[in-house]
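The values are calculated or read from the model by the stated rules, or taken from the named source; none is laboratory data. All of these numbers come straight from a predicted model, not from anything done at the bench. Here Cβ is always computed from backbone atoms with ideal geometry, including for glycine, and neighbour counts include all displayed protein chains.
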Amino acid sequence: MADLPDSGREVIGLVASAFTELPGTDGTPPAEVDGPIGWPGYDAACDRARQRTGERESVVAGTGVIDGTEAVLIAFDFGFLGGSIGRRTGDRIEAAFACARRTGLPVVSLIATGGSRMQEGMRALTQLQRIARQAALTRGEGLPQVAVLRNPTTGGGWATLGAGADVALAVGGAQVGFAGSRVRPPGDAGAYTAEGQFAAGHVDQIVEPQLLRERLGRWLRLLTAPSAEPPPPPRALAAQVASVAQMASVEPPTTGWDAVLRARSADRPAARSYVEDYFDWREDIRGDRSGGVDDGVLCGFGHRDGATVAYAAQCGTATTPAGFRTAARLVRLADRLGIPVLTLVDTPGAANDPEAERAGAGPAIAELFTAVASATVPVTTLVIGEGGSGGALAFAAADRMWITPDAYFSVTSPEAAARILKRDADDVPETADQLRLRPQDLVDLGIARGIVD
């Protein structure tokens, strides 16, 4: 089980320094007795919570420095009525987001809540609309939002500040889910955990408490320091072979079929090698936020030459709808934060089995095409392996694309083209030549800017 303290102020002390609490937002106490719906004993319960925690509400908000980056912090105190969200909780969260917009600071939410406060009825529930509006206004200002999901994170706190954040980090072992433990149906309890949400692509990373300050600091540095220049294409990496004498020529292939065989070689470097070589350090995001994960698509933000570049990379497998949606999520987020994007193309094509069709292959590809086409930040593409049809093109920039000597790009695979044209299997190599899919062909056709060394 997660071992962060219940106290919001103590959690702030673990991750931040130089914390300054926002001025009080409680104002004049309401005139009604026992809250807006007259819940018997509500005033007394609040008094006990104040005495027990030393806090006046379930949220502490202010500004602090996390590993060198200043941010607005919203920290829930689970000891105060289970970290529940009431009207005055809404007051404090609204003030925190307003402070972020006024100062241009990112927002970090340290969440531990059981949801909306029963004793305030619908007045409590409507605070979720209020929080969502504040988050949307702050998102519109191009300010990043990072959530830390403590134990537990359920109900409206998960469905607004948690799941609505740009990056969601979860403490290992935490209970995370819309349904709390007392109201969910019997069944798979693992679905309501940080690990379950990570597996489903709703959480980006699982973080152990002792590493939380460092991980938050890395994310804040990445999301607040965009590169001012379009990302250059990565250099071509050498094939991983037994000796230099066996290394494939860096010269472009002589035939189309030779280009296809090079791109399909197991010795050819894959996306992960390119990403590791390109960045000094990086952090990945995970999942499409719709219950899907494609481990064949690598997305995140990397630190290079003192600035941040986002990346979306295909890893050589057929890309599933979840992969396209995750890449689209990455591109949209990078565009909103002003962070340029690098994409790496390497796929035989989009997954085309019945499961992929039912999961919305077409709409998912369309979503990524739209995200790339509408991006206002520069997008740079390097084709590092197979460029298989529209499933590859969806990852590609229209005007800033390069290609390596051991890659190809084609309207469809030579095998598929031969089948479509009713040719024999023996005709596949000739068909590859006719498709003009070699790196030098792509340059001659004006599709690629050049072949990288």
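Can GLU208 be described as of a type in the set (Asp, Glu) and out of contact with any strand residue (DSSP E or B) (no Cβ under 9 Å at 6 or more places or on another chain)? It would help to see each step written out before you state the result.
Working: of a type in the set (Asp, Glu): yes; out of contact with any strand residue (DSSP E or B) (no Cβ under 9 Å at 6 or more places or on another chain): no.
No.
Could you tell me which residue of segment 247-263 is modelled with the highest pLDDT, considering only residues that are surrounded by 15 or more Cβ atoms within 10 Å (Cβ to Cβ), of a type outside the set (Gly, Ala, Ser) and outside any helix (DSSP H, G or I)? Out of the qualifying residues, it is PRO253. Which ones in segment 193-204 are buried (at least 18 other Cβ atoms within 10 Å of the Cβ), in contact (Cβ under 8 Å) with a residue 24 or more places away in the chain and not in a loop (DSSP other than H, G, I, E, B)? ALA194, GLN197, PHE198, listed by residue number.
Each residue in segment 312-356 was checked for being among the β-branched types (Val, Ile, Thr) and part of a helix (DSSP H, G or I), and 2 pass.
Every test in (1) more than 19 Å from GLN119 (Cα to Cα); (2) assigned by TED's automatic domain parsing to the domain that holds LEU212; (3) within 26 Å of the chain's Cα centre (by Cα) is passed by ASP3 save one, and that test is (2).
When ASP284 is tested against the conditions (1) in the same structural domain as GLN434 (by TED's automatic domain parsing); (2) modelled with pLDDT of 95 or more; (3) outside any strand (DSSP E or B), the lone failure is (3).
Residues in segment 323-338 that are surrounded by 24 or more Cβ atoms within 10 Å (Cβ to Cβ) and in contact with a strand residue (DSSP E or B) (Cβ under 8 Å, 6 or more places away or on another chain): GLY323, PHE324, THR326, ALA327, LEU330, VAL331, ALA334.
When each of ARG56, ARG130 is tested for being of a type in the set (Lys, Arg), in contact (Cβ under 8 Å) with a residue 12 or more places away in the chain, in a loop (DSSP other than H, G, I, E, B) and surrounded by fewer than 24 Cβ atoms within 10 Å (Cβ to Cβ), the lone residue that passes is ARG56. When residues in segment 107-119 are screened for being crowded, with 24+ Cβ neighbours inside 10 Å and either of a type outside the set (Gly, Ala, Ser) or modelled with pLDDT of 95 or more (or both), 8 of them pass.
When segment 59-77 is filtered for residues that are over 24 Å from the mean Cα position of the chain (by Cα) and buried (at least 24 other Cβ atoms within 10 Å of the Cβ), the ones remaining, listed by number, are VAL59, VAL60, ALA61, ASP77. Taking residues in segment 232-246 that are on the phi < 0 side of the Ramachandran plot and in a loop (DSSP other than H, G, I, E, B), and partners anywhere that are at pLDDT below 50 and not hydroxyl-bearing (Ser, Thr, Tyr), the pairs with Cβ atoms closer than 7 Å and at least 6 places apart or on different chains are ALA238/MET247; ALA239/MET247; ALA239/ALA248; VAL241/MET247. Of the residues making up segment 170-190, those that are within 16 Å of GLN205 (Cα to Cα) and free of Cβ contacts under 8 Å to residues at least 60 places away in the same chain are ALA170, GLN175, VAL176, GLY177. Taken over segment 318-351, the residue count meeting the criterion of being more than 30 Å from LEU143 (Cα to Cα) and either in the same structural domain as PRO106 (by TED's automatic domain parsing) or touching a Ser or Thr at 6+ places or on another chain (Cβ under 7 Å) (or both) is 7. Does VAL309 satisfy being buried (at least 20 other Cβ atoms within 10 Å of the Cβ) and in a helix (DSSP H, G or I)? Spelling it out, it is not the case that VAL309 is buried (at least 20 other Cβ atoms within 10 Å of the Cβ) and in a helix (DSSP H, G or I). Screening ALA396 against (1) touching a strand residue (DSSP E or B) at 6+ places or on another chain (Cβ under 8 Å); (2) part of a helix (DSSP H, G or I); (3) without any contact (Cβ under 8 Å) to a residue 60 or more places away in the chain leaves a single unmet condition, (2).
Scoring LEU125 on the criteria (1) crowded, with 19+ Cβ neighbours inside 10 Å; (2) modelled with pLDDT of 95 or more; (3) touching a strand residue (DSSP E or B) at 6+ places or on another chain (Cβ under 7 Å) leaves a single failure, condition (1).
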